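Below you'll find the structure, written out as structure tokens, and then a few comments.
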Amino acid sequence: MKDEQIIALYFARNEDAIGETDKKYGARLLQLAQRILLDQFACEEVRSDTYLKTWNAIPPQRPPVFPAFLSRLTRQGAIDRYRRDGAQKRGAREYLLSLGDAVGGEADEALDARLLAESIERYLRTLSPRERGVFLARYFYVDPLADVARQYGTSIGAVKSLLYRTRQGLRAHLEQEGFT
């Protein structure tokens, strides 16, 4: 079923919308949650919460890119669950590694998240589609380096190099905009 048809089911308040969403995107959303959380039960709860949030958001919203909308809800739900359950007992995960690489460990505490997000978005618009795709695959979707390399048909070393240069550019951009 196409995304427009699924969204139309949400607008019609047809409960089949959730089933169709799960059929088309459920595995990817679960995989995204698993890259942030260790607990399978928690991942399934995050996915279910994503469906509830989607049901409550549509209508009135009509997401222009439905998979990105679902991914954002899932990612934020998993991060919230991770923080709520306590980072100490969870151990290091891909999320912490990628976030620490991207903007540094103190960004969440020291900066206003909304202004930081806007600044990062401005920076990402300056990147080539390939650089932006690799950056988002690693730091938004939390894909392992091997998966990113495979997706872009390159080596892990080339991905690491590209990410390093992109992070350096992001740091310079954030410093220029007054973030430290």
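Laid out as a table, the results:
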| quantity | calculated |
| --- | --- |
| Whole-Hz ³J(HN,Hα) from phi, Karplus 6.51 cos²θ - 1.76 cosθ + 1.60, for the stretch 45-57, glycine and proline x | 5, 4, 4, 5, 4, 4, 5, 5, 5, 5, 4, 6, 8 |
| Longest to shortest principal axis, alpha-carbon extents of the stretch 127-177, angstrom | 34, 19, 17 |
| Rounded FRET efficiency, nearest 0.05, which uses the C-beta distance separating E121 from F11 and R0 of 25 Å | 0.35 |
| Where GluC sites (Glu not before Pro) fall in DSSP loop in the stretch 121-180, at most 16 other Cβ within 10 Å | E177 |
| Computed label-point distance, nm, for sites Q61 and T154 using a 7 Å Cα→Cβ extension | 3.1 nm |
| Surface per residue (accessible, 1.4 Å probe) for the stretch 113-179, Å² | 56 Å² |
| Cα→Cβ-extended label distance, 7 Å offset, between R130 and M1, nm | 3.8 nm |
| Solvent exposure, largest accessible area first (probe 1.4 Å, DNA, RNA and ligands not counted), of T126, T154, T21 | T126, T154, T21 |
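The values are calculated or read from the model by the stated rules, or taken from the named source; none is laboratory data. Note that the structure is predicted; figures quoted are calculated from it, not measured. Every residue, glycine as well, gets a Cβ built from its backbone with ideal geometry; the counts of neighbours run over all protein chains shown. Remember, those area values only see protein heavy atoms, side chains included, never the ligands or the DNA or RNA. Shrake-Rupley method; radii C 1.70, N 1.55, O 1.52, S 1.80 Å.
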